Structure formats: structure tokens, C-alpha cells
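Taking it in order: structure first as C-alpha cells, then the write-up.
Bear in mind these aren't lab numbers, they're just calculated from the coordinates by the rules spelled out. These figures come from a predicted structure and were not determined experimentally. Methodologically, a virtual Cβ is constructed for each residue, glycine included, from the backbone with ideal geometry; neighbour enumeration extends over all protein chains shown.
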Amino acid sequence: MTDISNSLSGALTRIAGEVDACFDAMLPVPDDARKRLIEAMRYAAIGGGKRVRPLLCVAVAEMFGVSRDVAVRVGCAIEAIHAYSLVHDDLPCMDDDDLRHGKPTAHRAFDVGTAVLAGDSLHALAFEILGAPDIVTDPVLRAELVMTLAGASGSAGMAGGQMMDIVAEEQSFDLPTVTRLQQLKTGALLGASVEMGAILGRVPVDARTPLRLYAHDIGLAFQIADDLLDHEGDEALAGKALRKDAKAGKATFVSLLGPERAREQAQALITQAIGHLAVYDHEADLLRALAQFVIERKK
């Protein structure tokens, strides 16, 4: 297990460097009136986050012989969506947060208007990346990648989950509703990361079931772990404000199940997720390690 853990640590470090280099190359700062916007995009996209989503995409794609350079670029499209969502989630009209990844949120470092435009532009950048024929040459694959990421980002995915999260401050959600909320808000983009890796690998739709089940389970476990961190984590390690859901009166996995049952449920989901990978040999070891990382992380 130690070898796998070391391998995961190296993989996380490597993908972080690759994603940062990719965004750095794609976002040169112009010497004109757009300078502040590009600086805000770079601020939001470079040098922060665990990069779990692009690593999931790359890990799955490499299982099926996809070029790492191609997989990383597609992973950057996913990360651009994730970065935009965080910029917008932190705005005063949403979660009104002051810290993200241990530094001031984008609207604090710049201003609200610039942050809104930076989020909008990162959203657009994601689809510019996927639409570029020099990255994925097959137009059918490009279309499937675009449709997958768009579906995971909009009202049937991440944005829909965020809307449910806003409503959660006014209504009392039961466990099935909280589960649905998190499947959309958190799980959809994690699921898309795995799916897009499989698309790059030209895995037939009916052969993706084990990967989809794996993604479903780690998505829920990821959010339970987030709820546990919010309940009992260290703000200095997390790099953001904690215990906001409890103050807002929102139902979470922890408030509905209690910390111990929530922790047990997260571990059961991870065990189940790893079980779905039994059809693969050592080529899926990184996915197995990532699953365990989801609930062991401290931030």
C-alpha cells in the first residue's frame, strides 16, 4: 500500500505541475485593457487545488493507451470548469467567502465584476480547449467530450446542484434530497472526468459501466468527506472558512447521519468503488489509490 500511496503522491504532484503549465501557456497576460481579466483568470486557475478531476481523466485515459499530453489538455478543460465554479460560488451573491486555497478569493483579490468575468471566461476556455482540432483530431470524439462536460456543468449537473444548495437554506432536505444535491453539485463533474477519460480511450458506452459506478461512489464519498472536514476540520489546513453549512442551517450528510455513520458510509462507498474496478488489473491501481485519497485528505 505504501508503494501505491507514494505513486499517488507523485501523480498528484505531476498533474498539478502539468495543469499549471498548461494554464500558464494558454493565458498570457496582454498589454491592453483586458490585463486585469486575464490576471484574475490566472489567479483562479494556477497554483491551487488538488487537481483530482484532471488526474481522474488522465488516469482513465492512460489505462487505454491515450497520449498523456492529450489527456492533460482535456483534463485542463475540466479543471477550467471547476475553477470557474469556485470563483462564482465564492461571490457575495452566492456563498460570500473570503478565502479559497489559503488565499483571498478572486472577488477579494480583484473585484466582483472582474471575478464574474473571470469565471465566465474560464467557462468559455473549457470549451475552446475541447473544440480545438489539434488536441483531439476526431470530430466525433470532440463532440462527445463537449456534450459530456456541458451536461455535467449545467442545470442537469453542477449548476443544478448549486441551485439546490441555495434552496437548502430555505427548506429542510431529507437524506435522498441531499444525496441528489451532491450527486449534481459535486458528483457530476467527477463523473465527467472519468467518462471523458473513457471517451478519449474509445471505450464503448456499454463497457464504461464499471468506471461509471466507480465515479458515482467516489463522488458521494468525496462530498461526505467534505462535510466531515467542514464539521471537524482545521481551517488553516483547509485554506477556507469551515462550519458555514451548520451556521446556515443546511442539511448535510453529517447533520443527517452524524459524524460516525457518515464516516462509515464514506468508507463503504470507497470499498464499493474499488470493487467496481475488479475487472481491471494493475492498470487501475492509481484509480484505487485516488478512491482512498478521497476520504483520507485533510483539505
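Here is how the numbers come out for the structure above:
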quantity	calculated
Karplus (6.51, -1.76, 1.60) ³J(HN,Hα), θ = phi - 60°, over region 158-164, in Hz, Gly and Pro reported as x	4, 5, x, x, 5, 4, 4
Length added when fully stretched, Asp134-His282, from 0.36 nm per residue minus Cα-Cα	50.2 nm
Projected-area average for the chain over all orientations - Cα convex hull basis, square nanometres	14.9 nm²
Peptides 122-131, 197-206 ordered by average Cβ neighbours within 10 Å, highest first	122-131, 197-206
5 angstrom amide H check on Arg100, placed H, neighbours 5+ away	Thr105
Per-peptide average of other Cβ atoms within 10 Å, ordering 213-219, 107-113 highest first	213-219, 107-113
Hz values of 3J(HN,Hα) by residue in region 207-221 - Karplus curve (6.51, -1.76, 1.60), Gly and Pro given as x	9, 8, 3, x, 5, 5, 5, 4, 5, 4, 6, 6, x, 5, 4
Inter-label distance for Ser7 and Asp69, nm, one decimal - labels placed 7 Å from Cα along Cα-to-Cβ	2.5 nm
Residue order, fewest to most beta carbons within 10 Å, for Thr148, Thr271	Thr271, Thr148
Total formal charge among the other residues, if their Cβ is under 11 angstrom from that of Ala44, Lys/Arg +1 and Asp/Glu -1	0
For the chain, size of Cβ-based charge dipole, Lys and Arg +1, Asp and Glu -1, in debye	120 debye
Members of Lys35/Lys244; Lys50/Lys103; Lys103/Lys244; Lys185/Lys247; Lys50/Lys244 lying beyond 23 Å, as alpha-carbon distances in this model show	Lys35/Lys244
Residue-count net charge about Gly131 - beta-carbon cut-off 14 Å; Lys, Arg +1, Asp, Glu -1	-2
Per-residue ³J(HN,Hα) for region 282-295, Karplus 6.51 cos²θ - 1.76 cosθ + 1.60, θ = phi - 60°, Hz, x for Gly and Pro	5, 5, 9, 4, 5, 5, 5, 5, 4, 4, 5, 4, 3, 9
Sorted peptide list for 72-81, 186-195, 169-178, criterion being average Cβ within 10 angstrom, highest first	72-81, 186-195, 169-178
Mean ellipticity per residue at 222 nm, deg cm²/dmol - from DSSP H runs of n ≥ 4 across the chain, formula -39500 (n - 2.57)	-22000 deg cm²/dmol
Overall Cα dimensions of region 1-91 - principal axes, largest extent first, Å	50, 27, 17
Prolate/oblate/rounded call for region 92-219, Cα gyration tensor, a/c under 1.5 rounded	oblate
